[in-house]
Amino acid sequence: MANTTKTESAGSLSGRAIVTIIGSDRVGIIAGISGAIAEANVNILDISQSVIREFFTMIMMVDIGGATMTFEELSQRLARKGEELGVRVEIQREEIFKAMHRV
């Protein structure tokens, strides 16, 4: 019987994803997160960022089609980088993000 277990490989990633970053403002947040994204060979398509008093928020649309790691590995890497920087970082596939925010 053939092995029917299918695992997600880096090559199977396609499409876009949304990265959100929230936390207290400090030097190096954008550099740290964009560096982690670049190391995964993920392309940043668009960024919106604001600082309201001491609160930092950023949302990125990224293209994960050329990623050199699985979506789960990328998600874990970004979460770890967020912990280092003292911010919360989440990534969701675009279709999941849209479904969750549909009214």
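The values are calculated or read from the model by the stated rules, or taken from the named source; none is laboratory data. All figures in this text were calculated on a predicted structure; none of them were measured in a lab. Please note: Cβ atoms are built from the backbone with ideal geometry, for glycine as well, and neighbour counts cover all protein chains shown. Accessible surface areas use protein heavy atoms only, side chains included; no ligands, DNA or RNA. Shrake-Rupley method; radii C 1.70, N 1.55, O 1.52, S 1.80 Å.
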Rounded accessible area of Arg80 (nearest 10 Å², 1.4 Å probe): 130
Degrees between helix 29-39 axis and first principal axis of the chain (Cα, 0 to 90, nearest 10): 20
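Report the gain in length on full extension from Arg102 to Ser48: 0.36 nm times residue separation, minus Cα-Cα distance, nm rounded to one decimal. Don't skip to the answer; put the middle values down first.
Working: separation 54, 0.36 × 54 = 19.44 nm, distance 2.02 nm.
Net length gain for the segment: 17.4 nm.
Add -39500 (n - 2.57) for each DSSP H run of 4 or more in the chain, then divide by its residues: what number comes out at 222 nm, to the nearest 500 deg cm²/dmol? Let's see the in-between values first.
Numbers: 3 runs with 33 residues, N = 103.
So the helix-based figure for the chain works out to -9500 deg cm²/dmol.
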Helix axis angle, 71-85 relative to the chain longest principal axis, alpha carbon, degrees: 20
Label-point gap, in nm, between Phe55 and Ile22 - each point 7 angstrom along Cα→Cβ: 0.8
Surface accessible to a 1.4 Å probe, Glu84 within the full protein complex, Å²: 130
Table column - 3J(HN,Hα) (Hz), the range 90-98, Karplus curve with 6.51, -1.76, 1.60, x for Gly and Pro: 10, 10, 9, 4, 3, 5, 6, 4, 5
Amide H partners (placed H, <5 Å) of Ser24, local residues excluded: Phe56
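Please give the length that would be gained between Glu90 and Glu39 if that part of the chain were fully extended, namely 0.36 nm times their separation in residues minus their C-alpha to C-alpha distance (nm, one decimal).
Numbers: separation 51, 0.36 × 51 = 18.36 nm, distance 1.69 nm.
Between Glu90 and Glu39, full extension yields an extra 16.7 nm.
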